[in-house]
Amino acid sequence: MTALHLRIGLAVLWLAVGLALLLRDSLFPAELFAKYDGTRLTLGGWLAVALAVWNGVRVYRTMALDQKPGPNPLRQDRSKRPAGEYNPAFDFGRPDHPETGGKPNTSTD
């Protein structure tokens, strides 16, 4: 289970809890919630809906950031550039090159 699936599940759970608390008068019998304070239950319902919205925003943000952007139309395509001529005088990686060949001079005389 990834974090995305967990956030989706929590958003659905909080939305169900919030709607159940906000619509408790029409969904449940009146004597079920008679001993609880109605204002606190309503506040808890709005808090649950806010948590559902928060998780929904996090899911949307994660999905929006995971999309890979397309190629930049202004960037030059390097695969189409000409390779140019090979000039051995500028190949400084060769060991027999006169400027880099031999042992480096590390003496301080």
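The values are calculated or read from the model by the stated rules, or taken from the named source; none is laboratory data. Quick caveat: nothing in here was measured; it's all calculated off a predicted structure. As a convention, Cβ positions derive from the backbone with ideal geometry for all residues, glycine included, and neighbour counts pool all protein chains shown.
Only one of the numbered conditions (1) over 27 Å from G9 (Cα atoms); (2) at pLDDT below 80; (3) within 41 Å of the chain's Cα centre (by Cα) is violated by T106, and that is (3).
Filtered by the rule that a residue be surrounded by fewer than 12 Cβ atoms within 10 Å (Cβ to Cβ) and in contact (Cβ under 8 Å) with a residue 40 or more places away in the chain, segment 1-41 gives a lone residue, A3. Looking at the structure I just gave you, is P69 part of a loop (DSSP other than H, G, I, E, B), loosely packed, with under 10 Cβ neighbours inside 10 Å and either touching a His at 6+ places or on another chain (Cβ under 8 Å) or modelled with pLDDT of 65 or more (or both)? Yes, satisfied. For segment 23-42, check the following and say yes or no: at least one residue is within 27 Å of the chain's Cα centre (by Cα), hydrophobic (A, V, I, L, M, F, W, C) and modelled with pLDDT of 90 or more. Checked against the condition, which is being within 27 Å of the chain's Cα centre (by Cα), hydrophobic (A, V, I, L, M, F, W, C) and modelled with pLDDT of 90 or more, segment 23-42 yields no hits at all. For segment 43-79, give me each residue that is touching a residue at least 40 places away in the same chain (Cβ under 8 Å) and hydroxyl-bearing (S, T, Y). Of everything in segment 43-79, just one residue is touching a residue at least 40 places away in the same chain (Cβ under 8 Å) and hydroxyl-bearing (S, T, Y), namely T62. For segment 42-66, a residue qualifies if it is surrounded by 10 or more Cβ atoms within 10 Å (Cβ to Cβ), charged (D, E, K, R) and out of contact with any Lys or Arg (no Cβ under 7 Å at 6 or more places or on another chain), and exactly one does: R61.
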